[in-house]
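The values are calculated or read from the model by the stated rules, or taken from the named source; none is laboratory data. Please read these numbers as outputs of a predicted model, since none were measured by experiment. Every residue, glycine among them, receives a Cβ derived from its backbone with ideal geometry; neighbour counts consider all protein chains shown.
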Amino acid sequence: MTGVLNVPNDDRFMVITEHDQADLVISPEYLGIGHTADVVLIQVTRNEGRTVPVKWDFYRAVAHGLHERTGLRREDVPRPSPLPRSAPASTCIRSSCP
């Protein structure tokens, strides 16, 4: 987040939860992109000031980083729906890969 979103190094307020597979409803294929049982959903809430392209760059960086560090398929980090330009900056991105 520090590299793409330009947040301070000590801006670390995170909630990480793990859910049983039975508690998640994940489409095995959406928009032609297949997902496995290893799917990871990421939700980020941020303040105003980030453009849509910056939000997409962040999403891609997260998906790429997870792939590089863990081997997780990029497709198992479902990508968020496009955010309209008028969407409030606090709109959450549920991430996954391109």
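Structure summary
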| read-out | value |
| --- | --- |
| Test: residue in the range 26-37 that is closer than 20 Å to R60 by Cα, outside any loop (DSSP other than H, G, I, E, B) and within 16 Å of the chain's Cα centre (by Cα) | yes |
| Those residues of the range 2-44 which are of a type in the set (G, A, S) and at positive phi, in sequence order | G32 |
| Extreme residue, modelled with the highest pLDDT, among residues of the range 45-74 that are assigned to a helix (DSSP H, G or I), out of contact with any helix residue (DSSP H, G or I) (no Cβ under 9 Å at 6 or more places or on another chain) and farther than 24 Å from F13 by Cβ | E68 |
| Condition check for V4: touching an Asp or Glu at 6+ places or on another chain (Cβ under 6 Å) and either surrounded by 10 or more Cβ atoms within 10 Å (Cβ to Cβ) or modelled with pLDDT of 85 or more (or both) | yes |
| The range 42-53 residues that are touching a residue at least 12 places away in the same chain (Cβ under 8 Å), paired with ones that are part of a helix (DSSP H, G or I) (beta carbon under 7 Å, 6 or more apart) | I42/V62 |
| Top-ranked residue of the range 13-72 - restricted to ones that are surrounded by fewer than 14 Cβ atoms within 10 Å (Cβ to Cβ) and of a type in the set (F, W, Y), ranked as nearest to T2 (Cα to Cα) | F13 |
